[in-house]
Structure formats: C-alpha cells, structure tokens
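Please read the structure below before turning to the comments.
None of the figures in this text is laboratory data; all of them are computed from the coordinates on show. These numbers were taken from a predicted model, which means no experiment stands behind them. Neighbour counts run over all protein chains shown; Cβ positions are idealised from the backbone, glycine included.
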Amino acid sequence: MVKDNSLCDIGFIGLGVMGKNLTLNLADNGYKVACFDLDQAKVDAIIEQDNEERGEQAPRVVACRSYTELLSKLAQPRIIMLSVPAGEPVDHVCRHLINAGIGADDIIVDTGNSLWTDSLEREATYKGKFIFFSTAVSGGEVGARFGPSLMPSGDPYAWSRIANVLKDIAAKVDPKTGKPIESSTPGKPVKEGEPCATYIGPVGAGHYVKMVHNGIEYADMQLICEAYNVMREGLGLAPKAIAGIFRQWNQGLLNSYLMEISAEVLDMDDGETGQPLVDVILDRAGQKGTGLWTAVGALQVGSPAQTITQAVFARSISSLKSERVAASKVLKGPAPAAVSEQEKAAAIEALHDALYCSKMCAYAQGFQLMAMASKEQGWKLDFAGIAKIWRAGCIIRASFLQSITEAYEQTEDLANLLLAPYFAEQIAQYQGNWRRAIANATLMGIPCGGFSSALNYYDSYRSETLPANLLQGQRDYFGAHTYERTDKPQGKKFHTEWSQPGRPQVQVK
Ligand code: 6PG
C-alpha cells in the first residue's frame, strides 16, 4: 500500500460485473483503487456502492474520467488491472494507456477471459512500453467480490510485485481439510487459509489453464444436465424431486458448487406462471467461446478430450431448436416404457455413479490436455498446484479437487489422473452402474453423449489394442501412408503393394 494518501495503490479499468466486484474486493482488502470505464455511469455506480459500504472509512475507490487521469492518480511504478471483453478491447485499452504515458516499469494485468495466444503476442508487442501480465479469473460475480480463483502468468518480476495483491483478493482454503473458507460479507475478507492464487508459468500459461478450467466446466455442467434429463424425461420426476436428489448427491462424492446451484435452479418457481422456472427456460444453450477454444486446443495437440468436446457439441445441437422441433415430428425413437418404482430407484443410483465416473474422466481429459500443452510449450505446469487453486473460488470447485491434489502430490508426473490408485479404484468400483445408466438412457432414446463419451475415453485408454491397425492398413492401401509393425522397432515404416497379393512389404525410409 502506498504511503502518500493522495495516490492510489492500484488502477482498475473495466467496471462490468467482474471488474466492479474485483475492485470492491481490492478495496475490502485495504487497497485504494483508482477506477475508470468508458461508460461513466459505471464509474458513478461503483463510487456510490463504495459510499454505501465503507461506513466511516475514507473513500476506498477514486473515480477517474480518463486514462490520463487514472495514470496521474497511481503510485509509481504502477499496477493497472483490466477487466474488459477478450480480444480487441484489451488492445484498445493498452494503446490508450501508452498514449496517456504509461511507463516501462508499469504493469498491466489482464484479468479477462483472453485467448492464451493473444497474451503471448501482447507480451511481445508491448515489451518496453509496459509489462503485460495475465491473470485469469474464475468464480463469476460472487467469486470476484469475495474471493475468486486466480491463475497468474507472465514475467516473474511482475509476479513478485503483484503476488501479495492477488493472494489477498483470492479465495482461501483450509490447508488441513482442503475445504473453502467462506465469506460473503462486504468489508470482511477472509485473511486466513491458503490463497487460491499460484504462479502458473510464463505468459499465456495462466489463460491456457483457465481455458481448460472452462472446458472442464462445460463437461461438468453437461454431465449434470444429462442426469437431470434422464430423471425428467425417462423417469418422469418433477424438477423439485430432482433438486432433492441433487442435494443428497451434493453431500457425498459429487459435492460441488455446480451440483449445489443445479439443485437451486431446479427448485425455483417462475414468478409469472408459477411453473418450475426450469420448465420455462428455453432449451437453447449459449456459449462465449472458451469451451470451443479448449476443444480446438485439444484437437491441435492431439489430446483426446472427447467429453469436453462433446459438451461443446451438446450446446451446438441444443441451439438448433427449431430444427429439433421439426425433426421430433419425423424421426422416431423407442416407444416409452413403464418404469416401476424399484427400477426408478436403481436407475437413479446408476445415474449417480455414471455422473461420478464421467466426471473423473472429464477431469482426467482436462489434466491430460494441460500436460500435453505444457510439454509442447515448455511451461512445466504444476498439476498439484493447479488442483489446489481450483478447490475454492472457481466455478468447478468441488471436494473432489482435494483428491486430485493428493493424487498429483503423490505422483508429480502422473501420466493420467485415472492411473492414480485412488481414481483407478473408484472407477473400477462404480463402473458397473455407469455402463447400466448409459444402456438405460440409450434404450429409452435419451441422449447422454457426455456419459458415453467419457466411458468411451475410459474404455479406449485402458485398451491394450485398438483397431488402429486396420485403420493404418486402410491408409496405406489408398494413400501409401505406410504403417509400423508389431514385430519391428517402433518408428520403422512399411508399405504394402496391396494390389499385388503375396508381395513382401517394403521398408520405407
Ligand atoms: C468462470 C466462468 C466464466 C464464465 C465463462 C463461461 O470461471 O468464472 O467460467 O469464465 O462463466 O465465460 O461462459 P460460457 O458458458 O458463456 O461460455
């Protein structure tokens, strides 16, 4: 914190939902913040909120009407945080700050959902003008206000200057239990516990990790939706009954923030019609793009993240609402069958296990993707550290992340999360019901692409042999693409003249 009271500790640009709440979080933690937004009404709104919340304290937030004014209000060397939409708006602000006279030793911290390759380019583009640092944030509105999970990456010198600020505003975890220490009171931040902010690596790494977090988030959400859909459409349960089941599940292995809020969504009635609100919400999913980036990233490094990718496709097919309505009148599925109460109970238990096993696979895919990208980029990501900062504050926070933390603490270079003794044992124990749940849904004609893609991942990963031998034969047949042989050293390539049976294979250099 600065000694000169007339100056501010931190500048904040972009006062949308996330920016406003991060600014108030900084203020709660004792930082004086100079803030600016192109929309002056947003600046006025935060000043008003600070006046309401600060009580007898001096103003903690200072309004600025221009980039130049913001720079003039900050102690040097400056720290300026940005929360503006990903893409061009980030560069727009950077250019304006250069024109306004930002210094080479000043740091700009991008907290938006930026594409990781943009962060890489920005560090290079702005070198010498200021230090570009990226800090991905997860936790939504409430997380930003009372403690998000932060994934900082970039220049280690910049990190040494801002580490304490980021650790102060981050969510905290009880180091003994691995459980979040909750706070939801303005002005009373959690000071004790382990902060959910750790240095991820060179610039780009933090936003990559956040991108994968969002990919896992997509999968996690889709899997919960599939369990709901089978209960609603196949077993005929009402939303409130499903909310009750989710609450029960939330007490056990499936404990997570997403499970908790899904129960709340299902429990809510619509103020207008009195119907369950979920029945009034149109079944067409939106997406801002981070799930798609994860899917593309997985395809680019050749990492089999099929449950994450499937979750993106599930949103795509949901958005074809009018086509689906038309197709539902033409394309036939199985006839509905009566389900006894006993069968219903068994089916619900099977769905629990399917959700649990699929979730393990979705996380395994996310960590496998990060491992492949880390190798390719030379980032040396610390997976126990990443699992740790996802235990609180972020959208995928779950008790389960403590088990992932422990798995990576026990074996740092774990090839796959599913190979950790705990997860291998869990999946072996619950897989019977996982398979049954998929079979039930399939026989009822209810889509469950998340569950089945996860099972596919599991069954493919644990298969000593896959039919890629035939595939290689096909490739060599029509395109002379060559193949390797099981009885010769790997890497040696062979080609067969398929039109001349009996001719020996040719070894190809
Ligand atoms: C978070 C969220 C946050 C946001 C995403 C997802 O971690 O706080 O992931 O980043 O909710 O933008 O949005 P879409 O579902 O619209 O892609």
Inset, instruction - Enumerate the whole-percent occupancy of each 5 Å bin, from 0 to the last occupied one, for all C-alpha pair distances of region 468-508. - result: 6, 25, 32, 29, 7, 0
Legend entry - Long-range amide H partners of E497 with built H, under 5 Å: V506
Legend entry - region 181-228 and region 456-509: distance between their alpha carbon centers, rounded to Å: 43
Legend entry - Using θ = phi - 60° and Karplus 6.51 cos²θ - 1.76 cosθ + 1.60, couplings along region 48-54 (whole Hz; Gly, Pro as x): 4, 5, 5, 4, 6, 8, 7
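Could you list S303, S460 in order of exposure, starting from the residue whose Cβ has the fewest other Cβ atoms within 10 Å?
Working: S303 22, S460 11.
Taking fewest neighbouring Cβ atoms as first place, the list is S460, S303.
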Legend entry - Backbone HN-Hα couplings from phi across region 73-90 [Karplus 6.51/-1.76/1.60, Hz, Gly and Pro as x]: 8, 9, 5, 9, x, 8, 10, 10, 9, 10, 9, 10, x, 4, x, 3, x, 5
Inset, instruction - Mind jotting down the three principal axis lengths of region 10-203 based on Cα atoms? Whole angstrom, largest first. - result: 44, 37, 26
Legend entry - Proximal charge balance of S262 [Cβ under 12 Å; K/R count +1, D/E count -1]: -4
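Please report the antiparallel percentage of DSSP beta bridges with both residues in the chain, rounded to the nearest 5. Walk me through the numbers before you get to the answer.
On the way: 15 of 36 bridges.
So the antiparallel bridges amount to about 40 percent of the total.
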Legend entry - In order through region 237-247: 3J(HN,Hα) via Karplus (6.51 cos²θ - 1.76 cosθ + 1.60), integer Hz, x for Gly, Pro: 7, 7, x, 5, 5, 5, 4, x, 5, 4, 4
Inset, instruction - Using only Cα atoms, tell me the angle between helix 290-301 and the longest principal axis of the chain; keep it within 0 to 90° and round to the nearest 10. - result: 60
Inset, instruction - Mind checking the full-extension length gain between E88 and A439? Use 0.36 nm per residue of separation minus the Cα-Cα distance, one decimal, nm. - result: 121.7 nm
Inset, instruction - Enumerate the amide H contacts of D155 below 5 Å, restricted to partners 5 or more residues apart or on another chain; note that Pro and chain-start residues carry no placed amide H. - result: V203
Legend entry - 0 to 90° range, to nearest 10: angle between helix 306-319 axis and the chain longest Cα axis: 80
Inset, instruction - At q = 0.05, 0.08 Å⁻¹, work out log10 I(q)/I(0) for the chain with the Debye formula, treating every Cα as an identical point scatterer and leaving solvent out; two decimals please. - result: -0.24, -0.59
Legend entry - Between region 328-364 and region 52-130, the Cα center-to-center distance that results, in Å: 49
Legend entry - Distance violations [Cα-Cα > 24 Å] among K167/K375; K191/K375; K73/K129: K167/K375; K191/K375
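Using only helices, what value at 222 nm comes out for the chain when you add -39,500 (n - 2.57) per DSSP H run of length 4 or more and divide by the total residues, to the nearest 500 deg cm²/dmol?
-16500 deg cm²/dmol, from helical runs alone.
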Legend entry - Neighbour-limited loop hits for GluC sites (Glu not before Pro), region 389-461 (at most 12 other Cβ within 10 Å; DSSP other than H, G, I, E, B): E412
Legend entry - Relative contact order (percent, whole number), region 395-509, Cα cutoff 8 Å, 6+ residue spacing: 10
Inset, instruction - Report the GluC sites (Glu not before Pro) located in region 1-100 that are in a DSSP loop and have at most 12 other Cβ atoms inside 10 Å of their Cβ, or state none. - result: E56
Inset, instruction - Report, by chain and number, residues whose modeled amide H sits under 5 Å from the one on A86, excluding near sequence neighbours (fewer than 5 apart, same chain). - result: N113
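May I ask you to list the trypsin sites (Lys or Arg not before Pro) in region 327-418 that are in a DSSP loop and have at most 15 other Cβ atoms within 10 Å of their Cβ? Walk me through the numbers before you get to the answer.
On the way: sites: K329, K332, K344, K359, K375, K380, K388, R391, R397; in loops: K329, K332, K380, R391, R397.
Filter output for region 327-418: K329, K332, K380.
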Inset, instruction - Please report how far the C-alpha centroid of region 402-420 lies from that of region 280-303, rounded to the nearest whole angstrom. - result: 26
Inset, instruction - Please determine, in degrees from 0 to 90 and to the nearest 10, the orientation of helix 468-479 with respect to the longest principal axis defined by the Cα atoms of the chain, where the helix direction is its Cα long axis. - result: 90
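Do the alpha carbons of any pairs in K488/K509; K240/K332; K42/K188; K210/K321 sit beyond 21 Å of each other, and which pairs?
Working: K488/K509 14 Å; K240/K332 30 Å; K42/K188 24 Å; K210/K321 30 Å.
Among K488/K509; K240/K332; K42/K188; K210/K321, the Cα-Cα distance tops 21 Å for K240/K332; K42/K188; K210/K321.
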